[in-house]
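The following block contains the structure, expressed as structure tokens.
The values are calculated or read from the model by the stated rules, or taken from the named source; none is laboratory data. Computed from a predicted model, the values in this text were never measured in an experiment. For neighbour counting, all protein chains shown are included, and Cβ atoms are generated from backbone atoms with ideal geometry for every residue, glycine included. Please note that ligands, DNA and RNA were not included when accessible areas were found on the heavy atoms of the full protein model with its side chains. Shrake-Rupley method; radii C 1.70, N 1.55, O 1.52, S 1.80 Å.
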Amino acid sequence: MASPESPEPSNTDPPSDCIIPGGTKLLTNMPDLLMVPELVFGALVWILVASINVADKVSQGWVIFVSLLLFVLTLLLLICYFFGYPRNSTAWCFLDACYHGVAALFYFSAAVLQANSTVRHQFRNDKIYQTDVAATIFAFAATVLYVAHAVFSFKRWKSV
């Protein structure tokens, strides 16, 4: 029988020596804590670009594709981590670091294309221009978040 001081482990919490925490401990670990703002800023980019009449269909189509794809993949990765799927695996640390590195490159390309589209079409309707500016700011903010997550994930992987 367990002592009164030690709580019973739940099915969703990974072992305490796990490299990537799961359950509620996920949101207390620095690189994994960044996944929530990544989701929020990614959704904002997607919603803002999709809410306007797109003038540059190719570049803003890429922005929507990147923001939607990375939103879905980050959400799936967050769900996997929350339920403790990658138990004690250094391969998952490497996957996390590589994913966020590639995602940072994708978001940087999308942010640059969104900024270019915003500058080229700045003499359109003022409301559309303001929406484009907001989407550009959130795209660069998402880029910074993905870069920070990649750096912290590579540090975690190297320390294993």
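Restricting attention to segment 107-160, which residues are open to solvent by less than 40 Å² (accessible area, probe 1.4 Å), over 21 Å from L69 (Cα atoms) and under 20 Å from the mean Cα position of the chain (by Cα)?
Answer for segment 107-160, where residues must be open to solvent by less than 40 Å² (accessible area, probe 1.4 Å), over 21 Å from L69 (Cα atoms) and under 20 Å from the mean Cα position of the chain (by Cα): just R156.
So which residues in segment 60-103 are open to solvent by 10 Å² or more (accessible area, probe 1.4 Å) and either aromatic (F, W, Y) or touching a strand residue (DSSP E or B) at 6+ places or on another chain (Cβ under 8 Å) (or both), if there are any at all? Step through it out loud before you land on a result.
Keep residues of segment 60-103 that are open to solvent by 10 Å² or more (accessible area, probe 1.4 Å), which gives 61-62, 64-65, 68-69, 71-73, 75-80, 82-83, 85, 87-92, 94-95, 98-99, 101-102.
Of everything in segment 60-103, those that are open to solvent by 10 Å² or more (accessible area, probe 1.4 Å) and either aromatic (F, W, Y) or touching a strand residue (DSSP E or B) at 6+ places or on another chain (Cβ under 8 Å) (or both) turn out to be W62, F65, F71, F82, F83, Y85, W92, F94, Y99.
Report the residue count in segment 118-132 for those that are part of a helix (DSSP H, G or I), within 20 Å of V58 (Cβ to Cβ) and out of contact with any Phe, Trp or Tyr (no Cβ under 9 Å at 6 or more places or on another chain). Write out each step before concluding.
Going residue by residue through segment 118-132, those that are part of a helix (DSSP H, G or I) are 118-120, 126-132.
Subsequent filtering for residues that are within 20 Å of V58 (Cβ to Cβ) retains 118-120, 128-129, 131-132.
Pick out the ones that are also out of contact with any Phe, Trp or Tyr (no Cβ under 9 Å at 6 or more places or on another chain) and you get 119-120, 128, 131-132.
Number of matching residues: 5.
If you check C98 against the conditions, is it touching a Lys or Arg at 6+ places or on another chain (Cβ under 6 Å) and not β-branched (V, I, T)?
Against the criterion (touching a Lys or Arg at 6+ places or on another chain (Cβ under 6 Å) and not β-branched (V, I, T)), C98 does not qualify.
Within the bounds of segment 15-23, is there any residue that is in a helix (DSSP H, G or I) and either buried (at least 19 other Cβ atoms within 10 Å of the Cβ) or at pLDDT below 85 (or both)?
Filtering segment 15-23 for residues in a helix (DSSP H, G or I) gives 23.
Among the residues that remain, those that are also either buried (at least 19 other Cβ atoms within 10 Å of the Cβ) or at pLDDT below 85 (or both) are: 23.
Yes, there is a match, as at least one residue in segment 15-23 is in a helix (DSSP H, G or I) and either buried (at least 19 other Cβ atoms within 10 Å of the Cβ) or at pLDDT below 85 (or both).
Separate question: For residues in segment 61-87 being of a type outside the set (A, V, I, L, M, F, W, C) and part of a helix (DSSP H, G or I), which is nearest to P37 (Cα to Cα)?
Looking at residues that are of a type outside the set (A, V, I, L, M, F, W, C) and part of a helix (DSSP H, G or I), I get T74.
Does S89 count as farther than 18 Å from S153 by Cβ, touching a residue at least 12 places away in the same chain (Cβ under 8 Å) and of a type in the set (S, T, Y)?
Numbers: farther than 18 Å from S153 by Cβ: no; touching a residue at least 12 places away in the same chain (Cβ under 8 Å): yes; of a type in the set (S, T, Y): yes.
Judged against the criteria, S89 is not a match.
Further question: Cβ-Cβ below 8 Å, separation at least six or inter-chain, first residue in segment 45-60 and without any contact (Cβ under 8 Å) to a residue 12 or more places away in the chain, second of a type in the set (G, A, S): which pairs?
As it stands, the answer is V54/G61, since those pairs meet every condition given.
Hey, V112 hits all of (1) touching a residue at least 40 places away in the same chain (Cβ under 8 Å); (2) out of contact with any Leu (no Cβ under 6 Å at 6 or more places or on another chain); (3) β-branched (V, I, T) but one; which does it fall short on?
With (1) touching a residue at least 40 places away in the same chain (Cβ under 8 Å); (2) out of contact with any Leu (no Cβ under 6 Å at 6 or more places or on another chain); (3) β-branched (V, I, T) applied to V112, the lone miss is (1).
Here are M35, M30: which of them is open to solvent by less than 40 Å² (accessible area, probe 1.4 Å) and either aromatic (F, W, Y) or modelled with pLDDT under 90 (or both)? Walk me through how you get there before you give the answer.
Working: M30 fails: open to solvent by less than 40 Å² (accessible area, probe 1.4 Å).
Answer to the check: M35.
Six or more apart or on different chains, Cβ under 7 Å: which pairs go from a residue in segment 143-160 that's touching a residue at least 24 places away in the same chain (Cβ under 8 Å) and among the aliphatic types (A, V, I, L, M) to one that's open to solvent by less than 30 Å² (accessible area, probe 1.4 Å) and assigned to a helix (DSSP H, G or I)? Could you list them?
From residues that are touching a residue at least 24 places away in the same chain (Cβ under 8 Å) and among the aliphatic types (A, V, I, L, M), the pairs are L145/E38; V147/A104; A150/A97; A150/H100; A150/G101; A150/A104; V160/C93.
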